[in-house]
Amino acid sequence: MKCPNCGAEIADNSDYCIYCASPVQKAPKAEEVAAGAEKPERNGFVTFWLWFIIVVQVLNIVACCAGLFSDSFRGYRVDDLARVMFVGGLIVSIVNLLGATQLLNWKKSGFRLILGMAALRAVLGAMTMADGSASGMMISLIGPFFGVGILWAVLQISKNGRSCWSMLR
Ligand SMILES: [Zn+2]
């Protein structure tokens, strides 16, 4: 490396220049820079909300599995539509669970997964609306996005002046 004071070529790990005796400040190593970088912090309520979502998804996964296999352990016959709903609920909950876990790890992709599942639920809900009434259609289309809207609002809560949302990668 070069001495920052006189420009002479000196050994890489020198503390002082052997030519002009000026102290040499070493550049921090890449991993030291990464470790010293500001660690993202989130508001406690945001963490609570993400864990709340995870718990709800786990409960729904258990409920869907219980529904799917209820004909074998209760002798109850599950019809085909119910089976489709249980499988759909299972897939949506697993993806939502993954999404919440990604958000806990500061990945914005988690929000996109949850938003995608809301869109899927809206489409499936509208398709399976039995009566096809306008108000029922509206509820099944907009309903799934309420949860995503609340999640988005919760992610705006900041800690140390920075919202969780702005720190997602
Ligand atoms: Zn020097």
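Give the calculated FRET efficiency between S166 and L59 to the nearest 0.05, with a Förster radius of 22 Å applied to their Cβ-Cβ distance.
On the way: r = 31 Å, r/R0 = 1.40.
After rounding, the FRET efficiency stands at 0.10.
Under the definition of Cα pairs under 8 Å and six or more residues apart, what whole-number percent is the relative contact order of the chain? Don't skip to the answer; put the middle values down first.
Working: 160 pairs, mean separation 32.0, N = 169.
The normalised contact order for the chain reaches 19 percent.
Once you have the Cα-Cα distance between T101 and D80, take 0.36 nm times their residue separation minus that, and quote the gain in nm to one decimal. Show your work: numbers first, answer last.
Working: separation 21, 0.36 × 21 = 7.56 nm, distance 3.16 nm.
Taking T101 through D80 to full extension adds about 4.4 nm, to one decimal.
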Heads up, segment 44-167 by the C-alpha gyration tensor (a ≥ b ≥ c square roots of eigenvalues; a/c under 1.5 rounded, else a/b over b/c prolate, else oblate) looks oblate
For the chain, give me every cysteine whose Cβ has no other Cys Cβ within less than 4.7 Å, ordered by residue number. C64, C65, C164
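With r defined as the distance between the Cβ atoms of S133 and T47 and R0 fixed at 35 Å, what FRET efficiency is calculated, to the nearest 0.05? The partial results should precede the final answer.
On the way: r = 40 Å, r/R0 = 1.15.
Once rounded, the FRET efficiency stands at 0.30.
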From phi via Karplus (6.51, -1.76, 1.60), per-residue ³J(HN,Hα) for segment 138-144 in Hz, x at Gly/Pro: 4, 4, 6, 7, 8, x, x
Order the peptides 144-157, 10-23 from the highest to the lowest mean number of other Cβ atoms within 10 Å of their residues. 144-157, 10-23
Sum -39500 (n - 2.57) across every DSSP H segment of at least 4 residues in the chain, then divide by the residue count to get the 222 nm mean residue ellipticity, nearest 500. -21000 deg cm²/dmol
J(HN,Hα) series, segment 147-158, from Karplus relation 6.51 cos²θ - 1.76 cosθ + 1.60, nearest Hz, glycine and proline x: x, 5, x, 5, 4, 4, 5, 4, 5, 7, 5, 10
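Throughout, read-outs are computed from the coordinates displayed, never taken from laboratory work. It should be emphasised that the depicted structure is a prediction, and the values quoted were computed from it without experimental measurement. A quick note on method: Cβ atoms are made from the backbone with ideal geometry, for glycine too, and the neighbour counts reach across all protein chains shown.
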